[in-house]
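Structure first, then comments.
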Amino acid sequence: MAERQFTGKHALAVFVAAFGVIITVNLVLAYSAVKTFPGLEVKNSYVASQEFNERLKVQQELGWEIRAENTGGLLILHITDQSGAPVQVAELQAVVGRATHVKDDFSPDFTFDGNAYSTPATLGKGNWNIRLVAKDSSGAEFAQRVPLYVKG
């Protein structure tokens, strides 16, 4: 039986196939990244930057601390003042979702029990973000992104 030789044509075919796989994978990943990107954070970044210091000052004057936990099928937000006492806000809006895509995003309806805010939520394992905006009775706004890691 005659031995087959590895010729230049074979080398070319190997290189074309290898680079074809690499390029195809890169195109698929790039398409996936663009398709799942949630979009812009703000419409006009210049205007947002000009208002940032003012919003930060108001938020720091409130002195609130936010802590989130997921336990017993509940998503719980602890909002406390500088002394550590629970804060009952006048208005609370939140969006809970993953950092990488928006398909799991939802806006929960929190209820205050005198100690913390809670809502039923089944969160899968991994990193979650709670983007919340809370207002006090005077209308002062507190906005924060609260990261939450859910263990399996």
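The values are calculated or read from the model by the stated rules, or taken from the named source; none is laboratory data. Since this is a predicted model, take the numbers as computed values, not measurements. In this analysis, Cβ positions are derived from the backbone assuming ideal geometry, glycine residues included, and neighbour counts consider all displayed protein chains. The accessibility values were calculated without ligands, DNA or RNA, using every heavy atom of the protein model including side chains. Shrake-Rupley method; radii C 1.70, N 1.55, O 1.52, S 1.80 Å.
Condition check: of a type in the set (Ser, Thr, Tyr) and farther than 29 Å from LYS35 by Cα. Does SER107 satisfy that? The answer is no for SER107.
Of all the residues in region 84-118, those that are β-branched (Val, Ile, Thr) and either under 16 Å from the mean Cα position of the chain (by Cα) or on the phi > 0 side of the Ramachandran plot (or both) number 4. Scan region 9-19 and give yes if some residue there is of a type outside the set (Val, Ile, Thr), surrounded by 10 or more Cβ atoms within 10 Å (Cβ to Cβ) and under 30 Å from LYS103 (Cβ atoms), otherwise no. No, the conditions are met nowhere in region 9-19. Counting only strands (runs of 3 or more DSSP E) that sit wholly inside region 24-100, those with at least 1 residues that are within 19 Å of THR119 (Cα to Cα) and among the basic types (Lys, Arg) are 65-71.
Taking each residue of region 51-73 that is in contact (Cβ under 8 Å) with a residue 60 or more places away in the chain and looking for partners that are open to solvent by less than 100 Å² (accessible area, probe 1.4 Å) and of a type in the set (Asp, Glu) with beta-carbon atoms closer than 9 Å, six or more apart or interchain, yields ARG55/GLU141; VAL58/GLU141; GLN59/GLU141; LEU62/ASP81; LEU62/ASP136; LEU62/GLU141; TRP64/ASP81; TRP64/ASP136. Checked against the criterion of being under 19 Å from the mean Cα position of the chain (by Cα) and at positive phi, region 119-128 has at least one qualifying residue. Filter region 134-152 down to the residues that are assigned to a loop (DSSP other than H, G, I, E, B), closer than 23 Å to GLN59 by Cα and open to solvent by 40 Å² or more (accessible area, probe 1.4 Å) and list them by number. Matches in region 134-152: SER137, SER138, GLY139.
Does region 96-133 hold any residues that are aliphatic (A, V, I, L, M) and either within 27 Å of ALA30 (Cβ to Cβ) or open to solvent by 50 Å² or more (accessible area, probe 1.4 Å) (or both), and which are they? Hits for region 96-133 are ALA99, VAL102.
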